[in-house]
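What follows is a single structure, written as structure tokens, with notes after it.
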Amino acid sequence: MIHTPRPIRMSKINTRRGEERRRDPMLYMPAPARTSISATACIIAWRSGSVNTPTKADRLRADAIGGPQCAIIAPSDRRGSPPPSFHGEAMNCPQCGAPVTAADLVCGNCGALQDHSMARTQPVAPTPSAQHRRLSATTLLILLFSCGLLSLIVASAVGGVVVGLQDRELNRRAEADKYYQEGLTNFATGKLELAKADFEYVLRLEPGYPGASEQLTQVVDRLTVKPTPTSVTLTNVAEQLYQTAESAYRARQWRTAIDTLSQLRAFDPDYQADRAKQMLYEAALTYGTELLADDRLEEGIAYLDQAAYLRPLPAEAALQAQYAKLYLTARGYWNVNWPKAIESYGELYAIAPGYRDTFTRYVEAYIEYGNERTRAGDACTAQQQFSQALALRPDAALQAKLEQATQICLTATPAPVTGTSQTLAGLFSGRAAFPVFDAEGSRVLAASAANPVLVAAAYGDQPELQRFGGSLAYRSGAGLYVDDRIVAPAGAAWPTFSPDGQRLIYALQGQLYVVSINGGEPTALGPGRAPTWGPNGLLAYAGCDADGVCGIMVRNPDTQDAPTRLTGSAADVPSSWSPDGFNISYYSNVGGDYDLFFVNTAGGVQQVTTGPGNDIAGAWGPDGAHILFLSDRDGEWSLYLARYDGTEATLLARAPQGGDWISQRVSWMP
């Protein structure tokens, strides 16, 4: 059975309105729809058949949509093609469900605006006018975007240019400042051509640079004074410097004279060379001496050194410079290293006991070091320091300190120095002594085959045992000692006993002296250093012969016979004699490191050690077949025992590191 849809009933009015809506949809369009359309369409073409005259319905439609703003034109006046049309399709109104076609703008039943965008499946190609409008809009968007991008690029470029210009301006100003200062310097030193170029360059960089034009004018005026500007200008500058220096010299303005004369000699060494040199020497000598007297020691020494560079100083000025240097050295050790302070003040006291407060500081250094050792529990060392101070300056309070330290030292058990072995177990005969160094200074350690325990025998270095006796000679800050007696002044070194042990030879400031072990006036023996007195009475030392060739020299110190040279290097240092008196042990660095050698009194040389490191201070043993020596062959200074030819070397004791090892001595006696 076929079902027939029931027709929808409409009133006549609705039927008529529907027909009118289909004929003219906009006439009965709801207000919102009309407003929407009027916002987008202001030109209405009527739909009547009349070609030239709009109908009443056309006017009503125009008024309903846009009011008086909309124009009514005839179909023939429309430009371009009619609006796009679509193939008609059957569809229903989404509001009331009444059938509508694609051509209906509004529903004929309810008047609802129809949206056919989803149903338009076959659009008619847009008219050329529409394509033109779309192209124009797209082009406009592209142009707007391009203009914006171009604006950003231009803004960035302009910003970069501005920053670059600012940097360039700063760099140009810095460059101008630099060359302006160079121009001033060159002008002041008489380099006028360079100064002219500097100021011209500044003005090219910055035409309004302050002062550049005025300086350039002055330079040009100076250059154009004579036909030969360069040489004449240099001469004028030298002459001006000379006149300034001479005026300061006559006015005893030594500092100005020295500075100006130094500038003149650097600028033109040939200008009034002799006179300028003479004035500079005298000014530096006088000013340096005045500064020393004014307790400005560092400055005074500097000016005296400047004078000494030009020519030798007078004897008194040279002594004052030497005293000042020693005094500064000693003062630098004050309250820092008492042993070094004692040594330095002792050296100065030996040659200039009245120089400034040398004597007072020398005594106080002994006392302060004694106090320090007392606090450390080292009464024996303290006793030695108090004893030295008391010998220089008697004092009741100091005497009490000495007695207390002596009492403690007599009851104390000797102890090995920190950092060394406690015994010399390998020492098979005789007695031995050698130096060690630590933060407190230098000490002499001693032991024997009968009692191999190492004890601190003295505070000092360069020990020398008496061949047949119990005395010990050594170097200390105050001078050379035999036991506790000073027998030579500060600065004396290399003590060596005579064969009978009653005299001592030592070196002081490049000269050899002989003195009784009980003290007294020494006798000069001539130039030399590092003496060692042999068992047969001959003396070996480092020196030079009459022809100026240096090496180990041998002579009899009790005669005036000329010495004999046994070796040929100034680096050879004799250290001991063999017991038979025919061979001398020495060390030298002729091969790079220091090695041991021995030389026969007839002149034959034999090398004893050749390994890496330094081997020094060989001491011949009582048996004549072994030697003791110091070496750092394994990286630390230590005492070694070996055969006389260097074989079978054995480590006996480690020594605290530090000190002047190259100028040391080991002693091995029966």
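Could you list, in sequence order, the residues of region 260-285 that are under 29 Å from residue 326 (Cβ atoms) and either surrounded by 19 or more Cβ atoms within 10 Å (Cβ to Cβ) or not polar (S, T, N, Q) (or both)? 280, 281, 282, 283, 284, 285 - these are the residues of region 260-285 that are under 29 Å from residue 326 (Cβ atoms) and either surrounded by 19 or more Cβ atoms within 10 Å (Cβ to Cβ) or not polar (S, T, N, Q) (or both). Screening region 514-602 for strands (runs of 3 or more DSSP E) wholly inside it with 2 or more residues that are surrounded by 17 or more Cβ atoms within 10 Å (Cβ to Cβ) and of a type in the set (Phe, Trp, Tyr) returns the ranges 583-591, 593-600. Inside region 191-213, can you point out the residues that are more than 12 Å from residue 175 (Cα to Cα), part of a helix (DSSP H, G or I) and basic (Lys, Arg)? If the condition is that a residue be more than 12 Å from residue 175 (Cα to Cα), part of a helix (DSSP H, G or I) and basic (Lys, Arg), then 196 is the only one that fits. Quick one: in region 595-610, which of the residues that are of a type in the set (A, V, I, L, M) and over 48 Å from the mean Cα position of the chain (by Cα) is farthest from residue 628 (Cα to Cα)? By that ranking, first place goes to 602. Considering (1) more than 41 Å from the chain's Cα centre (by Cα); (2) touching a residue at least 24 places away in the same chain (Cβ under 8 Å), the lone condition that residue 639 does not fulfil carries the number (1). Restricting region 611-622 to residues that are under 39 Å from the mean Cα position of the chain (by Cα) and assigned to a loop (DSSP other than H, G, I, E, B) leaves a set whose member that is farthest from residue 670 (Cα to Cα) is 612.
Each residue in region 623-651 was checked for being surrounded by 13 or more Cβ atoms within 10 Å (Cβ to Cβ) and outside any loop (DSSP other than H, G, I, E, B), and 13 pass. Of the residues contained in region 220-237, none is found to be within 22 Å of residue 311 (Cα to Cα), in a helix (DSSP H, G or I) and at pLDDT 85 or above.
The values are calculated or read from the model by the stated rules, or taken from the named source; none is laboratory data. Because the structure is predicted, anything quoted here is derived from the model rather than measured. FYI the Cβ positions are ideal-geometry reconstructions off the backbone, even for glycines, and counts take in every protein chain you see.
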